[in-house]
Amino acid sequence: MSTHRNNRGFTLIELLVVVAIIGVLFAVALPVFENAGRKDTEKAAFNLITTMRLARQHAISKRQWVLVVFPNQDGGNYDESGPNGIDKCLRAYAAIAVTNNMDGFDRPAQIPSNMKYAFISDWKYLPEGTYFDDDETLNGNYLFKERGTDFRYPLDPARPNSSPTRPMGVVMFRPNGRAYKFAGTTGTGKYWQDTDYSKIYVTSAKYYERQNGRLVGPNAIPGGTNTAVEIRNKTGQVHIWDGN
């Protein structure tokens, strides 16, 4: 007895229906993925805000300067691992207290080489696939502008006053609660400014490769998002920037 197999392929109409269904599913899923990316950058931004608020509170309660530092692409190559590891570049931050009294120093002398340090937080990292955006053309993105060799900060929490150092972006909180950013490296320059509306951008719209201790790129990520943290320097308040 012979058996009959139906080897009929898909008709054109059936194929079109399948393609249409896939298109609908993609259209439904795309906002979900975009929202997931937005949640990643927002969560990272809120975690950063928590650390910065704790740094400000420490500055007020302990009457110390407190620095929140951000390793960037200045200062030459990183190591593959260790305190000077490339994994910190544009992806990590830490809070460091200045334990000696800096108020007696004239403004041109208020540089890191005159500071004694103690880490008050471990290094914290952004979620995988997110970075601090160092594009200087972004509104208020002053943090990652290169400032030469005067602004070098420690990397090893276990040896804050003898560990390797490198240039970093930094926000400083003083005992009056105000926030400052560095602004120059000349002997007569105004090292610390409390100009309002500085911003820190967390992005999932860029991706970097790592090569020989450097970041290579960035490469654009379609559907990536940006979340900005705004610093009200005059008051030291930190919040998510809503674009206004």
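Quick notes on this structure:
- Ranked by the mean number of other Cβ atoms within 10 Å of their residues, highest first, the peptides 168-180, 55-67 fall in the order 168-180, 55-67.
- Theoretical gain in end-to-end length, VAL19 to THR235 [0.36 nm per residue, Cα-Cα removed]: 72.2 nm
- Packing order of peptides 103-109, 83-89, 153-159, highest average first: 83-89, 153-159, 103-109 (average count of other Cβ atoms within 10 Å over each peptide's residues).
- Listed peptides 111-122, 91-102 by packing density, highest first (mean Cβ within 10 Å): 91-102, 111-122
- Cα→Cβ-extended label distance, 7 Å offset, between ASP242 and GLU42, nm: 1.3
- A simple spin-label model places the labels of ASP122 and SER81 1.7 nm from each other, with each point 7 Å out along Cα-to-Cβ.
- Unsatisfied cross-links (Cα-Cα over 23 Å) in the set LYS206/LYS234; LYS116/LYS199; LYS124/LYS234; LYS43/LYS234; LYS124/LYS181: LYS206/LYS234; LYS116/LYS199; LYS124/LYS234; LYS43/LYS234
- Taking GluC sites (Glu not before Pro) across region 85-154, the ones in a DSSP loop with at most 11 further Cβ atoms lying within 10 angstrom of their Cβ are GLU128, GLU136.
- For region 123-172 and region 51-95, distance of Cα centres in Å: 6
- Relative contact order for region 12-241: 23 percent, from Cα pairs under 8 Å spaced at least 6 residues apart, divided by residue count.
- Net charge of neighbours whose Cβ lies under 9 Å from the Cβ of VAL66, counting Lys and Arg as +1 and Asp and Glu as -1: +3
- In this structure, the amide hydrogen of TRP241, modeled 1.01 Å from its nitrogen in the peptide plane, lies closer than 5 angstrom to those of ALA228, VAL229, GLU230, counting only residues at least 5 positions away or on a different chain.
- Computed FRET value (nearest 0.05) for ASP196 with ALA158, which takes r as the C-beta separation and R₀ as 30 Å: 0.25
- If you wrap the tightest convex hull around every Cα atom of region 12-241 and split its volume per residue, you get 132 Å³.
Bear in mind these aren't lab numbers, they're just calculated from the coordinates by the rules spelled out. Remember, predicted model here, so these are calculated numbers, not experimental data. Note that we place each Cβ from the backbone using ideal geometry, even for glycine, and neighbour counts take in every protein chain shown.
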